[in-house]
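For reference, the structure is listed below as structure tokens.
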Amino acid sequence: MSPDAASLAASRPDPLYVELEARILDRDQKGASEVYYRLVKDGRPLAEMLREAVRIHGPYTHVPYHERIDDGYVNFVNNDHCLLSARATLHLSNMLPGAASGLPMAQTIWYIPTGLDIWNQKIGKAPGHYSRGLQVPDGPPPAPVVHWPDQEPLPLEGRLQERLGRWMTLVHRGQVVDAYRVFLGLMANPAERRATLAELVFAGLIDVQDRSFQNRSYTTGHKSFRARATVELGEAIGWGNAHAVLYAGALDIAVGPRWYSLYEVACNAVTVYLEDQALHAVPYGGTTEQERALLGNKAPLGKAESDALIEVVLRQPEPGYLVKVTELLKAGKDPRSLLDALQIGAAEVVLETHSELNFSLPQHCYEYLNTLGWFWDTFEHPQRIKLLYLAAAYLNQNAFHQKLTGDLLPPRIEKPANVAAFDADRLAGTVEAATLALDAPKAVGWTQAYLDSGHDRALLVRTLALAASRLGNDPHNQEIALCLLEDYAKNRNPDRDRLLLAAAQHTARHRKYGDPLDCSRRFGKALGIEALA
């Protein structure tokens with residue numbers, strides 16, 4: 001083949017991905033899934049399939065605004081989960097054995113046709129996950145709408161920190177197109193890419209609602225989840241081929257509404273509690289010498305200190321948690337150890353939530369703390385102490401929301417008796433069976449029995465990952481379990497087993513849609529995996 005012919009062949013659209021795109025844009029879950037099965041049988045690499053899936057859905061998973069006012073009533077417009085499902089696939093696929101490793105991507109492909117054009121879904125003009133319960137017009141579904149077209153980079157002059165500051169101002173002011181163009185310009189220089197990505201995630205982490213009781217319109221940290229997914233998917237695919245990931249993930253950071261009041265509390269907590277200074281009506285900025293020094297604290301929290309911190313954050317109103325976090329930091333405690341304890345506290349809220357319709361705050365709060373832990377370990381960002389205060393504030397808000405809405409009740413754990421003779425495989429099988437039966441007390445009880453048995457925890461982690469991957473029609477099934485399992489691998493708190501219990505609780509208890517095993521069964525049948533079919 002001549003060089004020109006080879007170049008032309010390489011530039012031709014791949015017919016399987018052309019077909020996948022057509023099926024997705026027709027909102028055809030079954031058809032898209034059948035194309036995916038052929039991609040798997042063809043041996044296509046996961047990074048390639050993720051790249052193409054994001055390229056296809058990216059233009060259609062933005063909204064003009066994450067809130068509407070309809071005839072005087074404020075209504076929330078949901079955040080995209082197609083990209084978050086892809087991020088979950090990236091990691092869950094490594095936790096599952098053999099051919100089952102393709103199941104998380106099957107869930108992503110199954111969901112994407114239902115996740116397009118959320119704006120029009122929410123007003124009953126398009127079918128999908130978010131139009132359940134609404135009267136959608138009969139007939140063929142309309143084409144999904146591109147609310148924010150892709151853009152060209154806009155380079156800026158000046159030092160990197162100055163340019164990042166100008167980008168953050170555009171985000172803060174909600175200048176979506178300009179912010180996105182400047183971000184693309186910042187990403188164009190590989191030497192500046194890491195600092196730019198750190199600032200993208202930071203901009204997401206500071207965007208957290210300041211209240212939640214009797215609210216449905218709130219961010220729940222979603223901007224940070226989308227930013228983290230952007231970073232991880234871009235790195236897995238390779239930034240040279242990941243423009244579609246930036247379009248799907250980075251543009252949304254400036255889409256309103258944006259909430260910074262809770263982060264302002266964290267900023268002022270540094271001044272008032274750490275620095276023992278009164279607030280004045282003057283501009284503040286940057287970090288203090290003491291704040292920077294605290295990042296070097298090395299002493300881990302002991303169990304009693306961890307328990308006391310969790311008790312204050314979950315059970316006491318403001319300003320108790322601000323005082324307690326400050327006390328521990330000033331005593332030389334490692335701030336990352338405090339974050340480990342907050343993750344245990346967030347898992348406890350999941351365990352103390354029993355209404356299947358009341359997991360919105362607990363699950364997203366946990367995902368936020370997982371994202372912050374990843375950010376802490378990935379980037380040496382100077383504002384991490386403020387983010388620790390913000391995380392404690394979010395967890396406190398989460399706990400009190402649950403209490404005020406009838407949850408935050410003792411965990412329900414039905415631990416089996418007489419299981420001493422059970423080997424690891426039998427115990428793991430009962431964990432999976434109880435979880436798939438959506439029997440949360442038994443799922444948590446069998447998980448506790450496995451933990452008490454002393455068997456290798458790796459099998460239990462794999463079992464929880466597989467159970468979460470089998471339940472579909474909502475990417476939260478995969479996202480939240482993955483977050484808890486990721487943190488179990490690196491959390492240093494003495495009560496980290498609570499993370500596995502919370503994974504079983506959430507997977508088995510939080511709301512399911514339709515037949516949650518439909519996608520798993522189809523995948524198992526298509527790939528000849530008897531255990532899934």
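The values are calculated or read from the model by the stated rules, or taken from the named source; none is laboratory data. This one's a predicted model, so the numbers in the text were calculated from it and none came from an experiment. Because the Cβ atoms are built from the backbone with ideal geometry, glycine has one as well, and the counts that use them run over all protein chains shown. Areas reflect the complete protein model, heavy atoms only, side chains present, ligands, DNA and RNA absent. Shrake-Rupley method; radii C 1.70, N 1.55, O 1.52, S 1.80 Å.
Of the solvent-accessible surface of the chain, computed with a 1.4 Å probe and all protein chains present, 52% belongs to carbon and sulfur. Considering helices alone, the calculated mean residue ellipticity of the chain at 222 nm is -18000 deg cm²/dmol, with DSSP H runs of length four and up weighted by -39500 (n - 2.57) and normalised per residue. The H on the amide N of Glu67, modeled in the peptide plane, is under 5 Å from the matching H of Val77, each at least 5 residues off or on a different chain.
For Leu438, the solvent-accessible surface with a 1.4 Å probe is about 60 Å², rounded to the nearest 10. Taking GluC sites (Glu not before Pro) across segment 320-415, the ones in a DSSP loop with at most 15 further Cβ atoms lying within 10 angstrom of their Cβ are Glu356, Glu380, Glu414.
Based on C-alpha pairs under 8 angstrom that are at least 6 apart in sequence, segment 106-215 has a relative contact order of 17 percent. Between the residues Ala440, Asn398, Thr196, the greatest Cα displacement towards the positive end of the dipole of the chain, with unit charges on the Cβ of Lys, Arg, Asp and Glu, is found for Ala440.
Under the rule that an exposed site lies in a DSSP loop and has at most 11 other Cβ atoms within 10 Å, name the longest stretch of the chain with no trypsin sites (Lys or Arg not before Pro) of that kind, not counting the sites themselves.
Longest stretch, sites excluded: 299-533.
Taking all protein chains into account, the per residue accessible area for segment 170-280 stands at 34 Å² (1.4 Å probe).
Residue-wise HN-Hα couplings along segment 179-184, as the Karplus relation 6.51 cos²θ - 1.76 cosθ + 1.60 with θ = phi - 60° gives them from phi, are 4, 5, 5, 5, 4, 4 Hz; Gly and Pro carry x.
The residues of segment 347-390 present an accessible area of 21 Å² per residue when probed at 1.4 Å with all protein chains retained.
The string of couplings for segment 519-533 from the Karplus curve (6.51, -1.76, 1.60, θ = phi - 60°) is 4, 4, 5, 4, 4, x, 5, 5, 9, x, 9, 4, 5, 9, 6 Hz, one whole number per residue in order, with x for Gly and Pro.
The string of couplings for segment 200-214 from the Karplus curve (6.51, -1.76, 1.60, θ = phi - 60°) is 4, 5, 4, 4, x, 5, 7, 9, 9, 4, 8, 7, 9, 5, 6 Hz, one whole number per residue in order, with x for Gly and Pro. Taken per residue, the accessible surface of segment 399-533 reaches 40 Å², heavy atoms only and a 1.4 Å probe.
The mean sequence distance of close C-alpha pairs (under 8 Å, at least 6 residues apart), as a share of the length of the chain, puts its relative contact order at 15 percent. I want the local charge near His129. Using Cβ-Cβ distances under 15 Å, sum +1 for each Lys or Arg and -1 for each Asp or Glu among the other residues. So the environment of His129 carries a net charge of -1. Considering only alpha-carbon pairs that sit under 8 angstrom and 6 or more positions apart, the relative contact order computed for segment 1-152 is 26 percent.
Which net charge results for the neighbourhood of Tyr180, defined as the other residues with beta-carbon distances under 11 angstrom from its beta-carbon, given Lys and Arg at +1 and Asp and Glu at -1? Write down the numbers at each step before the final one.
Details: positive: Arg181; negative: Asp150, Glu152, Asp178, Asp252.
Local net charge: -3.
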